[in-house]
1. Give me, ordered by chain and number, the residues 5 or more places off L122 or on other chains with an amide H under 5 Å from its own placed amide H.
2. Among T154, L110, A77, which residue has its Cα furthest toward the positive end of the charge dipole of region 68-191, with +1 on Lys/Arg Cβ and -1 on Asp/Glu Cβ?
3. From the residues V283, A272, C229, which one has its Cα farthest along the dipole of region 221-289 in the positive direction, the dipole being from +1 and -1 charges on Cβ of Lys/Arg and Asp/Glu about the Cα centre?
4. Ignoring solvent entirely, what values of log10 I(q)/I(0) come out of the Debye formula for the chain at 0.08, 0.10, 0.14, 0.16 Å⁻¹ when each Cα is a single scatterer?
5. Restricting attention to the alpha-carbon atoms of region 56-132, what are Rg (one decimal) and Dmax (integer), both in Å?
6. Rounded to the nearest 20 Debye, what is the dipole magnitude of the chain about its Cα centre when Lys and Arg each give +1 and Asp and Glu each give -1 at the C-beta?
7. Subtract the Cα-Cα distance of Q175 and M4 from 0.36 nm times their separation in residues, and report this length gain in nm to one decimal.
8. Please enumerate, by chain and number, the lysines with C-alpha under 16 Å from the C-alpha of K219, excluding those fewer than 8 residues away in the same chain.
Amino acid sequence: MTSMVSGEQARRLEKAYGGKVMISEPMKKHTSFQIGGPADALVEPHDVEALRRVLQWAWSESLPVFVLGNGTNLLVADEGIRGIVVRVGPGLDGITFEGECVRAGTGVSLPALARECADHGLSGFEWAVGIPGSLGGALTMNAGAYSHTVGDVTREVRMVGLDGALSVKTGEEMQFAQRSSRLSHGDSIAYQALLALRPADPGSVRARMAEYMKDRKVKQPLHLPSAGCVFQNPSGRGAGRYIDAAGLKGLRVGGAEVSQVHANFIVNAGGATARDVLILMGVIRRTVYE
Ligand SMILES: Cc1cc2nc3c(=O)[nH]c(=O)nc-3n(C[C@H](O)[C@H](O)[C@H](O)COP(=O)(O)OP(=O)(O)OC[C@H]3O[C@@H](n4cnc5c(N)ncnc54)[C@H](O)[C@@H]3O)c2cc1C
């Protein structure tokens, strides 16, 4: 597929934001599924001002922007992504503590943030220790586990609009819902959040995190590339139970397979394409529905 970003534009972008531009970057290197064709251009802004410069530049060139966190909740097309992929990660991952609150850059990974909170004797985020995403991805998806969600503890989110304008939203204004928030619209990039936690004994917080990790190791196929659970749970029963009851564990299309360990996970059992995953999802949907 033809790139929307010319070599000359990439050079201008490097100058405009003061960082490297990766051209035709394989997205399979940036997703936990290890699937995805090339991004026309991928950048990793080192601070908020660099992030704004990237967005303002892309806006002025009328180029589409896609935000990437840790790539653990994404199925990127085999054709890749046209325009500019902006990775929010290292450089935007600072953590500071303000009393019983933690202020964190959205590029921080959830396990790292959960451990820091435990070390500071704060409870309320230990459920996130086994989720491999970034805080930015979690705020977008309203990630959650063990009856907790990131929306429960979010007091404030700082973000940049695609035109580079800065704004601050309260937890309420974030419109957290079942695996979505106002960031799901894709028109803003979160760069920092303030989470309100509560004091606790670090030892007991760490013990709970160890329990959660133990539980995940038993119930999830952590040895194979995946993007976590595929289907949302219908009320009252896990989607995995329906898929299991339909006898679909182990079903394979190309390199994509319904996990033998957890039926709501599709794993990349070797060389899977996005097309394989989409076909397999269609088969699962049809079979469970029938
Ligand atoms: C083994 C495994 C277990 C998992 N377990 C859980 C679980 O228990 N609970 C759960 O909820 N999820 C789980 N997930 C899914 C995933 O880790 C979470 O949804 C995570 O929060 C996604 O974060 P990410 O940084 O990887 O986001 P990405 O996959 O990079 O992006 C997801 C979406 O967020 C957007 N986005 C990312 N960063 C930003 C930002 N800074 N500003 C604006 N938009 C942004 C992207 O554009 C995209 O639309 C699991 C995944 C795996 C692989």
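Laboratory data are not the source of any read-out in this text; all were calculated from the coordinates shown. Everything numeric here is computed off the predicted structure, so don't read it as measured data. Cβ coordinates were reconstructed from backbone atoms using ideal geometry, including for glycine residues, and neighbour counts include every protein chain displayed.
1. The answer is A200.
2. Sorting the options by dipole projection puts first A77.
3. V283
4. -0.36, -0.57, -1.08, -1.31
5. Rg and Dmax of region 56-132, Cα atoms, are 16.0, 47 Å.
6. Details: 31 positive and 29 negative charges, 131 e Å.
The dipole of the chain has a size of about 620 debye.
7. Values: separation 171, 0.36 × 171 = 61.56 nm, distance 3.30 nm.
Additional length available on full extension: 58.3 nm.
8. K249
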